[in-house]
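A short worksheet on the structure shown next.
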Amino acid sequence: MQSKLAVIIGGTSGVGKHTAIDLANQNYHVIIVGSRADTGRQAQADISQATGNQAVQLALADLSTKTDVQQFAHQLAAMTYSTQ
């Protein structure tokens, strides 16, 4: 069975984190995007622990400029994830 992929901007807290938990519970491969490594790693661990889904990745990005968004797009394209 192929899993679906979800990329959640702001997935390290608040509504974004709750959305990531919901999708991880539905067997999605989840990539959460945040700007701080410490809170991002903690959110990643929280989501995996709460759902039992180990297919949760963290992407660090500051999306405040067009250049930053373009760099993030390249980073996202280079990320690997499991479809099983």
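Here, each number is a calculation from the coordinates, and none is a lab measurement. These numbers come from a predicted model, not from an experiment. FYI the Cβ positions are ideal-geometry reconstructions off the backbone, even for glycines, and counts take in every protein chain you see.
Protection proxy ranking of 48-54, 22-28, 7-13, by the mean of other Cβ atoms within 10 Å over each peptide's residues and highest first, is 7-13, 22-28, 48-54. Phi angles across the range 69-78 convert, under the Karplus curve 6.51 cos²θ - 1.76 cosθ + 1.60 with θ = phi - 60°, into 3J(HN,Hα) values of 5, 5, 4, 5, 4, 5, 4, 4, 5, 7 Hz, Gly and Pro given as x. What the pair-distance distribution of the chain shows, using all Cα-Cα distances binned every 10 Å from zero, is 20, 52, 25, 3 percent. Placing a pseudo-label 7 Å from each Cα along the Cα-to-Cβ vector at residue 5 and residue 36 gives an inter-label distance of 2.8 nm. Note on residue 48 and residue 25: the extension gain reaches 7.3 nm, defined as 0.36 nm multiplied by sequence separation minus the Cα-Cα distance. Centre-to-centre, using Cα atoms only, the range 65-79 and the range 1-35 are separated by 18 Å.
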